[in-house]
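As structure tokens, the structure follows; a few thoughts come after it.
The values are calculated or read from the model by the stated rules, or taken from the named source; none is laboratory data. Only a predicted model underlies this, so the values are computations on that prediction, with no experimental measurement involved. Virtual Cβ from ideal backbone geometry, glycine too; neighbours counted across all protein chains shown. For accessibility, only protein heavy atoms count, side chains too; no ligands or nucleic acids. Shrake-Rupley method; radii C 1.70, N 1.55, O 1.52, S 1.80 Å.
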Amino acid sequence: MSDITVNPIYEKIIDDLLNQKYSISDFFFSNEETKQLRESIIQQDTKQDFHQAAIGNSQNEQIVKSIRGDKILWIDESKMTETEEIFFSKINHFIDYLNRTCYMGIEESEFHYAIYPEGTFYQRHVDAFKNDDRRTLSMVFYLNDEDWKDDFGGQLTLFLPDENNKEKELDVLPLAGRLAIFDSKTIPHEVKKVNKPRYSITGWLKTRK
Ligand code: OGA
Ligand code: MN
């Protein structure tokens, strides 16, 4: 087992998740790691292995650009680059921490690169599938330039309950190095139309079926 030292960054995320089912953290990866991951997605994009993202899982796959316009590339854990290995070792450390401090029972993870070309968006949805509820936590790491401005669009909007159980919206700017993490089963969200290519790594921590 890896070390069990209290990790303040993870503790803040766990606290937020318990209290409000989402957390926004700007410290999960170091600036250097974020820079490497950004170079990695740009490099992968030149190989043109990305494909138009689908809706639903493989049992129910259809391409509907009017719902989502991003292109994705799954990270294959059996042939990772050095940077991807750094990424997954951190993720696995975090999973281990969640399982030991909160008994979350995470057994698997899956991550893909995502690029939203100019003019694309992802309409309101929930991440867990109807016929497969293993997705428990959604994680999105933003790999944009540091000076992403509000008018570039691409905000992640979370639809959250307010004090009166009405709905309120929280807009999250996709700033470099930022992690958005939220409950995959209960938090509806959308990606606003982008006016500049938008880069991220998105994935899910999954429990047993
Ligand atoms: C998704 C998603 C959010 C984002 O890929 O399911 O909702 O901010 N992404 O990229
Ligand atoms: Mn989503």
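Quick look at the numbers
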item: Some residue of the range 55-71 being open to solvent by less than 20 Å² (accessible area, probe 1.4 Å) and among the charged types (D, E, K, R); result: yes
item: Failed criterion for Thr202 (all others in (1) of a type outside the set (A, V, I, L, M, F, W, C); (2) assigned to a strand (DSSP E or B); (3) open to solvent by less than 10 Å² (accessible area, probe 1.4 Å) hold); result: (3)
item: Looking only at the range 155-187, and only at residues there that are more than 15 Å from ligand 2 (Cβ to nearest atom) and within 12 Å of the chain's Cα centre (by Cα), the one that is least open to solvent (accessible area, probe 1.4 Å); result: Gly177
item: Lys168 being touching an Asp or Glu at 6+ places or on another chain (Cβ under 9 Å) and in a loop (DSSP other than H, G, I, E, B); result: no
item: Contacts under 7 angstrom Cβ, first residue in the range 120-145 being open to solvent by 20 Å² or more (accessible area, probe 1.4 Å), partner away from ligand 2 (no atom under 12 Å from the Cβ) and hydroxyl-bearing (Ser, Thr, Tyr), 6 or more apart; result: Arg134/Thr207; Thr136/Thr207
item: Those residues of the range 128-164 which are part of a loop (DSSP other than H, G, I, E, B), touching a Lys or Arg at 6+ places or on another chain (Cβ under 7 Å) and either more than 12 Å from ligand 1 (Cβ to nearest atom) or modelled with pLDDT under 95 (or both), in sequence order; result: Ala128, Asp133, Arg134, Asp162
item: Members of the range 84-111 found to be open to solvent by 20 Å² or more (accessible area, probe 1.4 Å), without any contact (Cβ under 8 Å) to a residue 40 or more places away in the chain and of a type outside the set (Ser, Thr, Tyr), listed by number; result: Glu85, Asn92, Asn99
item: Qualifying residues in the range 69-83 (those that are over 15 Å from the mean Cα position of the chain (by Cα) and touching a residue at least 12 places away in the same chain (Cβ under 8 Å)) - the one nearest to ligand 1 (Cβ to nearest atom); result: Gly69
